[in-house]
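Everything below concerns the one structure shown next.
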Amino acid sequence: MTVQIAVRLPDDLVEFLDHEIETGAASSRAAIVTRALARERRRRAAERDAAIYAALGDDEDLATFTRQAAAQPMDVD
């Protein structure tokens, strides 16, 4: 399900959105906003996970995993 909402954005951000659409980088303003919000949600979840891991202290198995994960390329979308 989707819900239509109205947001007010500064002119420069709207220009950015429209430029992304004009260049084919995105199909619509909504697609760009959706992608940005999904990315922000993932970033916050990662911060929560990092705080949990930091509170747990050192764990060699986890350290091995994080070294391996850090060596992998990331897809930002």
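No lab work stands behind these numbers, since they all come straight from the coordinates. All of these numbers come straight from a predicted model, not from anything done at the bench. Note that we place each Cβ from the backbone using ideal geometry, even for glycine, and neighbour counts take in every protein chain shown.
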* Is it the case that some residue within the stretch 54-64 is surrounded by 11 or more Cβ atoms within 10 Å (Cβ to Cβ), among the hydroxyl-bearing types (Ser, Thr, Tyr), part of a helix (DSSP H, G or I) and free of Cβ contacts under 8 Å to residues at least 60 places away in the same chain? -> no
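Against the condition loosely packed, with under 10 Cβ neighbours inside 10 Å, part of a loop (DSSP other than H, G, I, E, B) and not hydroxyl-bearing (Ser, Thr, Tyr), how does ASP75 come out, does it pass?
So ASP75 passes the test.
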* **Residue list for the stretch 15-53, restricted to those being out of contact with any helix residue (DSSP H, G or I) (no Cβ under 7 Å at 6 or more places or on another chain), among the charged types (D, E, K, R) and in contact (Cβ under 8 Å) with a residue 12 or more places away in the chain** => ARG35, ARG39
